[in-house]
Amino acid sequence: QVQFVESGGGLVQPGGSLGVSCSASGIVFAISTMGWYRQAPGKQRDLVATINREGSTTYADSVKGRFTISRDNARKTVDLQMNSLKPEDTAVYYCNRHHPGSDFFPWGQGTQVTVSS
């Protein structure tokens, strides 16, 4: 059974930094391209960043230069370090595999990130 557990969210002031982490189980993590996604209230869930099994990364234009995705295959975790946070980064953040054309695995509970003064 595939399961993702996200953690590390919280409240941060604009311009601040925060890291979120995702622990995966039930998948062959080492060969999976993983992604971080976010969903703001009333909006669709959007892709934020991806990392493939070789460690190559992609980022949405809105976070490029501010966010960094990384992974630890031994621990089956994928992290997202967020710097220079803006109020528009406020959302619930989720991880899942990134495999266009295939269904997502069941979503975890996500972790809330709120950027506000």
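Quick note: the coordinates plus some simple rules give every number you see, no bench work behind them. It should be emphasised that the depicted structure is a prediction, and the values quoted were computed from it without experimental measurement. Methodologically, a virtual Cβ is constructed for each residue, glycine included, from the backbone with ideal geometry; neighbour enumeration extends over all protein chains shown.
Descriptive notes on the structure:
- For the range 46-86, diffusion coefficient by Stokes-Einstein and Kirkwood Rh (Cα), 10 °C, 1.306 mPa s, µm²/s: 147 µm²/s
- Pairs of alpha carbons in the range 1-57 whose separation is greater than 17 Å (percent): 53 percent
- Rg and Dmax, both from the Cα atoms of the chain and both in Å, are 13.3, 40.
- Projected label points at Gln39 and Leu11, each 7 Å from Cα along the beta carbon direction, are separated by 2.4 nanometres.
- Here's the list of lysines a cross-link from Lys43 could span, going by alpha-carbon distance under 26 Å and ignoring same-chain residues fewer than 8 apart: Lys64, Lys86.
- Residue-count net charge about Phe105 - beta-carbon cut-off 14 Å; Lys, Arg +1, Asp, Glu -1: +1
- Highest average first, the peptides 98-108, 21-31 ordered by how many other beta carbon atoms sit within 10 Å of their residues are 21-31, 98-108.
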